[in-house]
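To start, the structure under review is shown below, and the notes come after it.
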Amino acid sequence: MKKQFKSESKRLLDMMINSIYTNKEIFLRELISNASDAIDKRYFKEASEGKTGMSRDDYEIRITPDKDARTLTISDNGIGMTRDELENNLGTIAESGSYKFKNENKDEKNDTDIIGQFGVGFYSAFMVSQKIEVVSRAMGSDQAFLWTSEGSDGYDIEEAERPEAGTTITLYLREDTDDEKYSDYLQEFRIKSLVRKYSDYIRYPIVMNCTKTREVEATEEEKKAEDYKPEYETYHEDEKLNSMIPIWKRKKSEITDEEYNEFYKNKFSDWTDPLKVIHTNVEGVLSYNALLFIPSQVPFNYYTKDFKRGLQLYSSGVMIMDSCEELLPSYLSFVKGLVDSQDVSLNISREMLQQDRQVKAIAQRIEKKILQELKDMEEHDRENYNKFFKNFGMQLKYGAYDEFGSNKDKLQDLLMFTSSTTDDYATFKEYVDRMPEDQKFIYYATGESTDKIKKTPQMDPFKEKGYEVFLCTDDIDEFALKMMRDYDGKEFKNISDKDLGFEESEDEKKAAEEKNEANKDVLDAVKNVLGDKVSSVIISNRLKDHPVCFATGDGLSLEMEKVLKAQAAMMGGDEDTLKADKILELNSDHQFFQALKSAVEAGDQEKITDYSLLLYDQAMLIEGMPVEDPVDFSNRICKLMK
Ligand code: ADP
Ligand code: MG
């Protein structure tokens, strides 16, 4: 009886079989990559077990078209598959995430996108085949197995013969239609050009027995004859179709953008070209080639636990680790790519990596190189840098905050924040260069969105003075700024700080003091109602049209309080100790203040209580914080309306 595919695999298969995807030719690339992976595995296994089985030159991937049988066969002498592996690897779609992604985004993505995005490996062969046979014999086993499937109605597995370990995949091509000539895939020139296009860098020979013509040898005598015409005959000869030089070992000047892009997309399962390619070949005490890519969009699983940080690690052309975290600092986790070094031992284990001097030294240089390239992009290609920063700037901010700010010097000139005056990103340097002479601090404001921040009463004095303010909307922003403290000797200051550090004349200071003194009764009365909710109540210097706002003293800002409370709530920590020092500022020029003052003078405690609590709640709302008792708040407003 036929075995059934797991249900997700079945659906994916249906999708492949009915696909109208225009790029069906990628199936060959997928099968060749699998064959190459299988040889890698075998080579690595034999080398690490100290076996001297096959020499490196004995490995090959062989393509055999058969026009009469209408089949295309791809065969390798790699690690092979056991019966269980055939079932598990070909009967189910790998946990690569591609299919999960499709389900979650059903409405937005159509099938064509999915195939283009992920390639989806082995199953892509069903786009061109009506039937597929896989004969495989695992390394170290005597028994081979045949896996057969004609598509989504299931597959069969039975015992089979194969003289040695490896895998042979035979595709029974579909009938040609008006739109698709599947038989083209049996043409030698077509196969050759596909291999060159997609699989040239594969490090094992991809061989095809090609048809060639040559002149039939004639004797000197025959040639001298007057009616001599050379005769031609066809013969067959193995030909290696790929150059086998990994792209990262080739000269930069000889690699086209398209080659880099194709390589990136194939290798790192992205469907868009990278934003930036970084290719370095270093020789000396430490030798390595690194080929790194900055994606042009955030990987779909970037913020999930499925995302694997790190670079691929090769030792003299043999891949020894898929995502080597030690090669990348965590704040550069978005970088994809690989490092190949003859100085790293083939047998290095995950545990040894952290101590390995070579790996550490390479990691340091790579970090430096990436930062250099980013700086270069910031200076000379700002448009792309903005794109980059939109996607991954938050990581750099984490980097600036992390490890007690020890990366400050490395990162400060790569950071940007939205500016209140240009509505665009600005660097610290740009900000400082634009600062008026009397301005002492670098100001920033925090909030949910730049629009909301711009409307807060705390922004008023800055608009009036024409001072630029960084509008910070990411949770990490203020933490990073506080950790870095200053730039170019200028301290960062939150615009809600109780002391804005404006230049003030003695007269101005005196006037402010007198105002507070003159209204002491009112301020005391409000503080009396609010108790510990606020640390003090004062007459504001900064408010223009609004009646009320919060300022904060040293320590936590309100935004930080919000972030930390949310974190504590998630981790089950103590939320109550995380409190900002709230100062309630009142606008004594506002109408409401007169009403409050009258209530105090009349000794009407009910009104004083209502007004004070309302003012407090308003200040909370302006900060985007919830009022403590919404029903109470609503009742008080109704009372006022009566
Ligand atoms: P991926 O290559 O991304 O894992 P594929 O669908 O291309 O996904 O292949 C699924 C799995 O089948 C591979 O991970 C591998 O274990 C196995 N496989 C495919 N082709 C071969 C092969 N030629 N030799 C050995 N194993 C193979
Ligand atoms: Mg694959």
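The values are calculated or read from the model by the stated rules, or taken from the named source; none is laboratory data. Please read all numbers here as calculations on a predicted model, not as lab measurements. All Cβ positions, even for glycine, are placed from backbone atoms using ideal geometry, and neighbour counts span all protein chains on display. Surface accessibility is based on the protein's heavy atoms, side chains included, excluding ligands, DNA and RNA. Shrake-Rupley method; radii C 1.70, N 1.55, O 1.52, S 1.80 Å.
Between E239 and D178, what is the spin-label point distance in nm, taking each point 7 Å from the Cα along the Cα→C-beta axis?
The answer from the label model is 3.5 nm.
Could you work out how much longer the chain between Y228 and K463 gets when fully extended? Use 0.36 nm per residue separation minus the Cα distance between them, nm to one decimal. The partial results should precede the final answer.
Details: separation 235, 0.36 × 235 = 84.60 nm, distance 9.66 nm.
Between Y228 and K463, full extension yields 74.9 nm more.
Could you go through the range 32-48 in sequence order and give the Karplus-derived ³J(HN,Hα) for each residue, using 6.51 cos²θ - 1.76 cosθ + 1.60 with θ = phi - 60°, rounded to whole Hz, and x for Gly and Pro?
Here the 3J(HN,Hα) series is 5, 4, 4, 5, 5, 4, 5, 6, 3, 4, 5, 4, 5, 5, 5, 5, 6 Hz.
Find, among the GluC sites (Glu not before Pro) in the range 471-541, those assigned to loop by DSSP (not H, G, I, E, B) with at most 16 other beta-carbon atoms within 10 angstrom. Numbers along the way, then the final one.
Details: sites: E478, E491, E503, E504, E506, E508, E513, E514, E517; in loops: E503, E504.
Loop-located and lightly packed - E503, E504.
Using Cα atoms only, what is the angle between the long axis of helix 188-198 and the major principal axis of the chain, expressed in degrees (0 to 90) to the nearest 10?
30 degrees
Would you please state which residues of the range 236-262 a label at R365 would reach in this model, taking the label point 7 Å out along Cα→Cβ and a backbone N cut-off of under 18 Å?
The answer is 248-252, whose backbone nitrogens lie closer than 18 Å to the label point.
Placing unit charges on C-beta atoms (Lys and Arg positive, Asp and Glu negative, everything else neutral), compute the dipole magnitude of the chain about its Cα centre in debye, rounded to 20.
With Lys and Arg at +1 and Asp and Glu at -1, about 500 debye.
Amide H to amide H under 5 Å from I539: which residues, 5+ apart in sequence or cross-chain, H placed 1.01 Å off N in plane?
Those qualifying (amide H under 5 Å, at least 5 residues apart or on another chain) are L586.
How high is the FRET efficiency from S598 to D423, r the C-beta distance, R0 35 Å, rounded to 0.05? Numbers along the way, then the final one.
Working: r = 43 Å, r/R0 = 1.23.
That gives a FRET efficiency of 0.20.
Just to confirm a number: summing +1 for Lys and Arg and -1 for Asp and Glu over residues other than M81 whose beta-carbon lies under 13 angstrom from that of M81, what do you get? Before the final figure, lay out each step's value.
Values: positive: K41, R42, R83, R137, R162; negative: D37, D76, D84, E85, E87.
Cβ neighbours under 13 Å give a net charge of 0.
Can you work out ³J(HN,Hα) from phi for every residue in the range 365-379, in order, using Karplus 6.51 cos²θ - 1.76 cosθ + 1.60 and θ = phi - 60°, giving whole Hz and x for Gly and Pro?
Using θ = phi - 60°, the values come out as 5, 5, 4, 4, 4, 5, 4, 4, 5, 5, 4, 4, 5, 4, 7 Hz.
For I320, list long-range residues whose amide hydrogen, built 1.01 Å from N in the peptide plane, is under 5 Å from its own amide hydrogen.
L313, Y314, S315
Rounded to the nearest 20 debye, what is the charge dipole size of the range 1-63 about its Cα centre when +1 sits on each Lys and Arg Cβ and -1 on each Asp and Glu Cβ?
The dipole magnitude comes to about 400 debye.
Quick check: pseudo-label points 7 Å beyond the Cα along Cα→Cβ at V298 and M352, how many nm apart are they?
A separation of 3.9 nm, rounded to one decimal place.
If one computes the Cα centroid of the range 482-534 and of the range 325-361, what distance in Å separates the two points?
That distance is 51 Å.
Run the numbers for L640 and T213: contour at 0.36 nm per residue of separation, minus the present Cα-Cα distance, in nm. Can you show the working numbers first?
Working: separation 427, 0.36 × 427 = 153.72 nm, distance 10.06 nm.
Net length gain for the segment: 143.7 nm.
What do you get for the angle between helix 257-268 and the principal long axis of the chain? Use alpha-carbon atoms, 0 to 90 degrees, nearest ten.
80 degrees
When the accessible area of the chain is computed with all protein chains present and a 1.4 Å probe, what percentage of it is carbon and sulfur? Don't skip to the end; give the middle numbers.
Numbers: 14920 of 32920 Å².
Carbon plus sulfur share of accessible area: 45 percent.
Convert each backbone phi in the range 78-83 into a coupling constant with the Karplus relation 6.51 cos²θ - 1.76 cosθ + 1.60 (shift: θ = phi - 60°), then list the ³J(HN,Hα) values in order as whole Hz, x for Gly and Pro.
x, 6, x, 9, 6, 4
Can you list the residues, at least 5 places off or on another chain, whose amide H is less than 5 Å from the amide H of C210, using H built in the peptide plane?
Amide H neighbours of C210, under 5 Å, 5+ apart: E237, D238, E239.
Which loop-located GluC sites (Glu not before Pro) does the range 529-631 contain, where loop means any DSSP state but H, G, I, E or B and the Cβ has at most 14 other Cβ atoms within 10 Å?
Values: sites: E559, E561, E575, E585, E601, E606, E623, E628; in loops: E575, E623, E628.
Loop-located and lightly packed - E575, E628.
Take the alpha carbon atoms of the range 139-209, find their center, do the same for the range 396-450, and report the distance between the two centers in whole angstrom.
The distance from the Cα centre of the range 139-209 to that of the range 396-450 comes to 55 Å.
What whole-number value in Å² describes the accessible area per residue of the chain for a 1.4 Å probe? Intermediate values should be presented prior to the final figure.
Numbers: 32920 Å² over 642 residues.
Result: 51 Å² of accessible area for each residue.
Hey, which aspartates and glutamates would be in cross-link range of K515, C-alpha to C-alpha under 15 Å, not counting anything within fewer than 8 residues on its own chain?
E506, D507, D524, E585, D589
Set Lys and Arg Cβ to +1 and Asp and Glu Cβ to -1, take the dipole of the chain about its Cα centre, and tell me which of T170, T609, S333 lies farthest positive.
T609
For Q372 and S406 in the same chain, what is the full-extension length gain: residue separation times 0.36 nm, less their Cα-Cα distance, in nm? List each step's numbers first, then the result.
Details: separation 34, 0.36 × 34 = 12.24 nm, distance 1.78 nm.
Roughly 10.5 nm would be gained on extension.
Along the positive direction of the dipole of the range 264-398 (beta-carbon charges: Lys, Arg +1; Asp, Glu -1; about the Cα centre), which of Q395, F293, F268 reaches farthest?
Q395
When the label point is put 7 Å from the Cα of E254 along its Cα-to-beta-carbon vector, which residues of the range 186-227 have a backbone N closer than 15 Å?
Zone members listed by number: 200-202.
Name the shape class, rounded, prolate or oblate, that the alpha-carbon gyration tensor gives for the chain, where a ≥ b ≥ c are the square roots of its eigenvalues, rounded holds for a/c under 1.5, and otherwise prolate holds if a/b is larger than b/c and oblate otherwise.
It is prolate, given that a/c is not under 1.5 and a/b is the larger ratio.
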